[in-house]
1. Among the residues of region 94-103, which ones are outside any loop (DSSP other than H, G, I, E, B) and touching a helix residue (DSSP H, G or I) at 6+ places or on another chain (Cβ under 8 Å)?
2. From the list PHE61, PHE96, PHE72, exactly one residue is of a type in the set (Phe, Trp, Tyr), closer than 25 Å to THR135 by Cβ and surrounded by 14 or more Cβ atoms within 10 Å (Cβ to Cβ). Which is it?
3. Could you tell me which of the residues GLY38, GLY106 is part of a helix (DSSP H, G or I), buried (at least 23 other Cβ atoms within 10 Å of the Cβ) and in contact with a helix residue (DSSP H, G or I) (Cβ under 7 Å, 6 or more places away or on another chain)?
4. I'd like the full set of residues that are crowded, with 19+ Cβ neighbours inside 10 Å, within 17 Å of the chain's Cα centre (by Cα) and either under 23 Å from MET170 (Cβ atoms) or within 16 Å of ligand 1 (Cβ to nearest atom) (or both), limited to region 41-58.
5. Any idea how many residues of region 139-181 are polar (S, T, N, Q) and more than 15 Å from ligand 2 (Cβ to nearest atom)?
6. So GLY260 fits all but one of (1) of a type outside the set (Ser, Thr, Tyr); (2) surrounded by fewer than 18 Cβ atoms within 10 Å (Cβ to Cβ); (3) closer than 25 Å to THR206 by Cα; what number is the exception?
7. What are the pairs, 6+ residues apart or on separate chains, where a residue within region 199-216 that is within 23 Å of ASP31 (Cβ to Cβ) has its Cβ under 9 Å from a residue that is part of a helix (DSSP H, G or I) and of a type in the set (Lys, Arg)?
8. Return the residues of region 110-146 that are assigned to a helix (DSSP H, G or I) and surrounded by fewer than 22 Cβ atoms within 10 Å (Cβ to Cβ); say none if nothing qualifies.
Amino acid sequence: MFTPAELLEINTLLVPENKIVILTHYNPDGDAIGSSLGLKHYLKAKGIHAEVIVPNDFPKFLKWMPEAKKIFIAEYKRKMASDLIHEADVIFCLDFNSPSRIGLLGDWLTHARGKKILIDHHQQPEAFDFVYSDTVIPATCQMIYHFIEAMGDEKLVDKDVAECLYTGIMTDTGGFRFRSTSATTHRIVANLIEKGADPAVITSNTWDTNTVSRLHLLALILGRIQVARDGKVAILYLTREELKEYGFQKGDTEGFVNYGLSIIGVKMAAFFMEDLYDDFIKISFRSKDDMDVNQFSRKYFSGGGHINAAGGKSNESLPETIETFKSRIEGEENL
Ligand code: 5GP
Ligand code: MN
């Protein structure tokens, strides 16, 4: 948590006269959108207006969240997003650890004059004016709750705040399953339910959103899932042609990589996907126990993230990327 002195200083910044923006990472997920909107609604309950800005669009299954439609998507509203960031007195940076993770917002953030407040749970954060980083907490949404508590404002958690924070905790813990899900996480979730978050409604809005084409895409990749390194590594992939053929929509492949990790004996899963427009491969890594995919991805695939969930990219072709990956895992000690 921020130190008491930092909290006092942050408190003096959070006043209606100040312009406040909230930024989150490229390809925003449930935790990114949930923490940003959760913070926005908390500030609103405090009488303070804030704008949420994201680098690019986010999946339809997150657009039911209160005020999700008011988020500025910089790729569509470049000038407005840039002006808001440059004019801001306070810039909250949520669920990312480096300006390199926020696409076109990165340069604007670096040159902005506002005070930069980081709240994030990814490994190896860079410097910001105020840093609340905790890599053991499973979701930035949980950290927003701790921040609200530290500000002495738990009473301001209303239904809107609760729904947003619940969503991010639910998605980043894979439905309260992943390793850093703690008793504290569950206590906070219980509070959020009491404040109005409805688990059945939120789960249904977020996860019962399959389209037939998404399930066909899933069937395709599950039909050819491979294992390597004596059954300890699962490999999944999708080509651009296939994405086009199945009418790919943003978010359609969310969670696919987890099927790899569910295979008995598998300690690491990698999902390789050709980008729909640009010439690169987007990679998702997931792992168990001490197989550190943050380090692995930083070392070999210009990426990063968490110990057990990370992303990366490659400029080689899809078959070359998979071959390179197979040779890299040969030398991995933690497999
Ligand atoms: P995903 O596989 O769901 O895209 O990402 C898994 C985790 O790794 C997320 O927490 C995400 O923020 C992080 N991540 C994804 N891609 C990158 C990347 O290229 N660089 C870094 N540093 N983190 C990434
Ligand atoms: Mn997160």
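1. Taking region 94-103 first, the residues outside any loop (DSSP other than H, G, I, E, B) are 94, 99-101.
Once the filter is applied, which keeps residues that are outside any loop (DSSP other than H, G, I, E, B) and touching a helix residue (DSSP H, G or I) at 6+ places or on another chain (Cβ under 8 Å), region 94-103 yields LEU94, PRO99, SER100.
2. Testing whether each residue is of a type in the set (Phe, Trp, Tyr), closer than 25 Å to THR135 by Cβ and surrounded by 14 or more Cβ atoms within 10 Å (Cβ to Cβ) leaves just PHE96.
3. Details: GLY106 fails: buried (at least 23 other Cβ atoms within 10 Å of the Cβ).
Result of the check over GLY38, GLY106: GLY38.
4. Residues satisfying the conditions are VAL52, VAL54, PRO55, PHE58.
5. First, pick out the residues of region 139-181 that are polar (S, T, N, Q): 140, 142, 167, 171, 173, 180-181.
Narrowing further to those that are more than 15 Å from ligand 2 (Cβ to nearest atom): none.
Residues meeting the conditions: 0.
6. Failed condition: (2).
7. Hits for this filter: THR209/LYS60.
8. Within region 110-146, THR110, HIS111, HIS146 meet the criteria.
Values in this text are rule-based calculations from the coordinates and carry no lab data. Keep in mind that what you see is a predicted model, and the values were worked out from it rather than measured. Positions of Cβ are generated from backbone atoms using ideal geometry, with glycine treated the same way; all protein chains shown enter the neighbour counts.
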